[in-house]
Amino acid sequence: MRKILFLCSMFLLTVGTVSAQEDKNIFEHLGVSVGVGSTGVTFDLSTHVTDYVGIRAGVDYMPEFKYKTHIKIPGVAERQNDYNQLRQYYPELPATNFPEKVDIEGKLTNFTGHVLFDLYASKKCDWHLTLGAYFGQQNVANIYTTDDSQLAGAAEFNQIITNDPTTYPNFQKIGVALGDFFLEPDADGHVSAQVKVHRVRPYVGIGYGRSVPKNHRLGIQADLGVYFWGTPKVYCQGKELKKEDVGNSDGGFMKTLTKIKGYPALTVRLVGKIL
């Protein structure tokens, strides 16, 4: 990621130096814009360094998005049998029948800021290459069960077989599988996990329209690109989880989120020239 940012900086410096030698109207105009897209609602301040380079800085507000789905308890029949056997020696374990799948809800939160540089091939060309970066919080999604009773007793069972593995060598922990990750419940039967990514996310894209309109007060600018937030990491009960083969294909959008390394950014903005 540092190499990408360094290369972007060097490229922008070169373009800016060359274009500044041809066009002395540096930072002549200032614009403000509002837009919508896959990053949410976007607000920008923008200027043209020269006719060849524009700069945009702003924020992107993504309204909270919730997603409901079901995920499996791996090997639930075997785990139920193990649990019933263990209750003969630990009667304090609650009587429960584990379902094949448990209900979960995912909550996406993706508030970001950005600094972007639009590079134009000529003074008259409105097509541009955009380089820059988005900035945001590490935690982009929270995943949690909505009915704790579905995993009642699972945490106590897991603790017993962990403390005495020689007595129960063939017993495996009870939990749920999200993609390639195994999530364990807490003492209340609740599962809560977080998906975390990089705070700094290099961006590359293409688009049409000027950072600040040249011949009119209002203009339209559209962009399509992707920012790279790295390999998502999943945390459960404060610990980073490692991928493992849990034989699970459930989880829908939340499972997909744990695999993608880049976020598509499609935005359309109305730009106004204020100076």
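The values are calculated or read from the model by the stated rules, or taken from the named source; none is laboratory data. What you are looking at is a predicted structure, and each value in this text was computed from that prediction instead of being measured. Because the Cβ atoms are built from the backbone with ideal geometry, glycine has one as well, and the counts that use them run over all protein chains shown. The area values use the complete protein model at the heavy-atom level, side chains included, leaving out ligands, DNA and RNA. Shrake-Rupley method; radii C 1.70, N 1.55, O 1.52, S 1.80 Å.
Results, tabulated for the structure shown:
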read-out: Residue that is nearest to Q80 (Cα to Cα), among those in the stretch 98-115 that are in a strand (DSSP E or B) and open to solvent by 40 Å² or more (accessible area, probe 1.4 Å); value: K101
read-out: Failed item in (1) in contact with a Lys or Arg (Cβ under 6 Å, 6 or more places away or on another chain); (2) farther than 19 Å from K233 by Cα; (3) at pLDDT 95 or above, with K101 passing the rest; value: (3)
read-out: Hey, R2 modelled with pLDDT of 50 or more and open to solvent by 40 Å² or more (accessible area, probe 1.4 Å) or not; value: yes
read-out: Members of the stretch 70-82 that are open to solvent by less than 60 Å² (accessible area, probe 1.4 Å) and either free of Cβ contacts under 8 Å to residues at least 12 places away in the same chain or more than 16 Å from G153 (Cβ to Cβ) (or both); value: I71, P74, G75
read-out: Tabulated pairs, the stretch 50-63, first closer than 13 Å to H114 by Cβ, second surrounded by fewer than 20 Cβ atoms within 10 Å (Cβ to Cβ) and of a type in the set (S, T, N, Q), C-beta under 9 angstrom, 6+ apart or interchain; value: I55/T47; R56/T47; M62/S38; M62/T109
read-out: The stretch 170-182, subset of a type outside the set (G, A, S) and over 19 Å from the mean Cα position of the chain (by Cα), residue most open to solvent (accessible area, probe 1.4 Å); value: N170
read-out: Residue check, P213 part of a loop (DSSP other than H, G, I, E, B), of a type outside the set (S, T, Y) and either free of Cβ contacts under 8 Å to residues at least 60 places away in the same chain or touching a Pro at 6+ places or on another chain (Cβ under 7 Å) (or both); value: no
read-out: Residue count for the stretch 53-97, restricted to those that are of a type in the set (S, T, Y), assigned to a helix (DSSP H, G or I) and in contact with an Asp or Glu (Cβ under 8 Å, 6 or more places away or on another chain); value: 0
read-out: Flag for S38 being more than 22 Å from the chain's Cα centre (by Cα), of a type in the set (S, T, N, Q) and at pLDDT 90 or above; value: no
read-out: Close pairs (7 angstrom Cβ cut-off, 6 or more residues apart or separate chains): farther than 12 Å from G207 by Cβ in the stretch 258-275, open to solvent by 10 Å² or more (accessible area, probe 1.4 Å) and assigned to a loop (DSSP other than H, G, I, E, B) anywhere; value: K261/G230; K261/T231; P264/S38; G272/R217; K273/H29; K273/P213; K273/R217; L275/H29
read-out: Filter result (of a type in the set (K, R) and in a strand (DSSP E or B)) within the stretch 216-234; value: K233
read-out: Hits in the stretch 83-97 - residues which are in contact (Cβ under 8 Å) with a residue 40 or more places away in the chain, surrounded by fewer than 18 Cβ atoms within 10 Å (Cβ to Cβ) and within 38 Å of the chain's Cα centre (by Cα); value: P94
read-out: Number of the exception - K233 against (1) surrounded by fewer than 18 Cβ atoms within 10 Å (Cβ to Cβ); (2) modelled with pLDDT under 95; (3) more than 21 Å from F135 (Cα to Cα); (4) touching a Lys or Arg at 6+ places or on another chain (Cβ under 8 Å); value: (3)
read-out: Residues satisfying the stated conditions in the stretch 155-169, i.e. open to solvent by less than 70 Å² (accessible area, probe 1.4 Å) and in contact (Cβ under 8 Å) with a residue 60 or more places away in the chain; value: F157, I160, I161, Y168
read-out: Tally, over the stretch 50-69, of residues that are acidic (D, E) and either closer than 17 Å to A265 by Cα or open to solvent by 40 Å² or more (accessible area, probe 1.4 Å) (or both); value: 2
